[in-house]
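**Student:** Mind looking over this structure? Questions follow.
The values are calculated or read from the model by the stated rules, or taken from the named source; none is laboratory data. Note that the coordinates shown come from a computational prediction; the quantities given were computed from them, not determined experimentally. Here the Cβ positions follow ideal geometry from the backbone for every residue, glycine too, while neighbour counts run over all protein chains shown.
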Amino acid sequence: MALAQAIVVVAALTALMLVIYGVLVYNNLVAVRNNVAKAWANIDVLLKQRHDELPKLMEVCRGYKQFEQETLVRVADARAQVAQAREAHNIAALGPAEAQLRAGVARVFALAEAMPELKANQNFLQLQGRITALEDSIADRREFYNESVNVNNVRVEQFPDLFVARLFGFREARLLELGA
């Protein structure tokens with residue numbers, strides 16, 4: 001009789017320890033997933049701010065007749081692609097669209113270097129500084145986001161956490177790769 005009771009107690013304690021372990025793993029996975037979401041939200045805010053600044057920059061450049069209009073069209077198209085990917089939370093599409101937009105903005109700044117009047121325009125200089133600062137912030141936040149994604153991906157693949165992750169639908173997240 002005592003042996004049966006001991007087996008029941010051991011089995012109950014083992015079950016309780018497994019439940020507690022499962023709860024701890026679940027809570028940690030929730031925290032990791034929320035860190036990924038928070039990191040993405042930080043990037044999203046910066047992308048939106050830059051999105052709002054680009055039309056102002058393009059308008060200032062349009063005021064100069066000799067400015068290459070094709071470059072402005074490319075920037076506008078890339079801006080639209082970035083906005084679409086951002087709003088859809090499509091990380092895979094965001095990377096190439098961002099690379100295209102960054103190349104276009106770099107071209108705008110390079111063209112402005114050859115135009116002393118535009119380079120001296122106070123609005124242009126302010127917008128250039130603001131967009132450059134936003135780009136730097138996006139790069140910093142991207143690093144934090146990718147680190148959060150790496151932590152998430154390790155946790156959902158790591159034994160024995162993967163059992164809890166699969167049971168409750170935790171998934172790998174995608175790195176934000178902006179291309180060359």
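**Student:** Could you check the range 13-72 and list, in sequence order, the residues that are basic (Lys, Arg) and at pLDDT 90 or above?
**Tutor:** Answer for the range 13-72, where residues must be basic (Lys, Arg) and at pLDDT 90 or above: Arg33, Lys38, Lys48, Arg50, Lys56.
**Student:** Additional query: So which of Leu24, Leu3, Leu18 is within 22 Å of Val151 (Cβ to Cβ), of a type outside the set (Phe, Trp, Tyr) and in a helix (DSSP H, G or I)?
**Tutor:** Matching residue, one of Leu24, Leu3, Leu18: Leu24.
**Student:** Kindly indicate whether Ala165 is touching a residue at least 40 places away in the same chain (Cβ under 8 Å) and either hydroxyl-bearing (Ser, Thr, Tyr) or closer than 12 Å to Ala39 by Cβ (or both).
**Tutor:** In short, no.
**Student:** Follow-up. For the range 110-164: of the residues being among the aromatic types (Phe, Trp, Tyr) and surrounded by 16 or more Cβ atoms within 10 Å (Cβ to Cβ), which is farthest from the chain's Cα centre (by Cα)?
**Tutor:** Filtering the range 110-164 for residues that are among the aromatic types (Phe, Trp, Tyr) and surrounded by 16 or more Cβ atoms within 10 Å (Cβ to Cβ), the one farthest from the chain's Cα centre (by Cα) comes out as Phe124.
**Student:** Which of the residues that make up the range 54-102 are buried (at least 16 other Cβ atoms within 10 Å of the Cβ) and under 21 Å from Gln126 (Cα atoms)?
**Tutor:** Within the range 54-102, Leu54, Leu57, Met58, Val60, Cys61, Phe67, Thr71, Leu72, Val75, Arg79, Leu101, Arg102 qualify.
**Student:** Considering only residues that are without any contact (Cβ under 8 Å) to a residue 60 or more places away in the chain and β-branched (Val, Ile, Thr), look in the range 10-58 and name the one that is farthest from Glu98 (Cα to Cα).
**Tutor:** Selected residue: Val10.
**Student:** Look through the range 59-91, keep the residues that are of a type outside the set (S, T, N, Q) and either touching a residue at least 40 places away in the same chain (Cβ under 8 Å) or in contact with a strand residue (DSSP E or B) (Cβ under 6 Å, 6 or more places away or on another chain) (or both), and return whichever of them is nearest to Leu178 (Cα to Cα).
**Tutor:** Ile91
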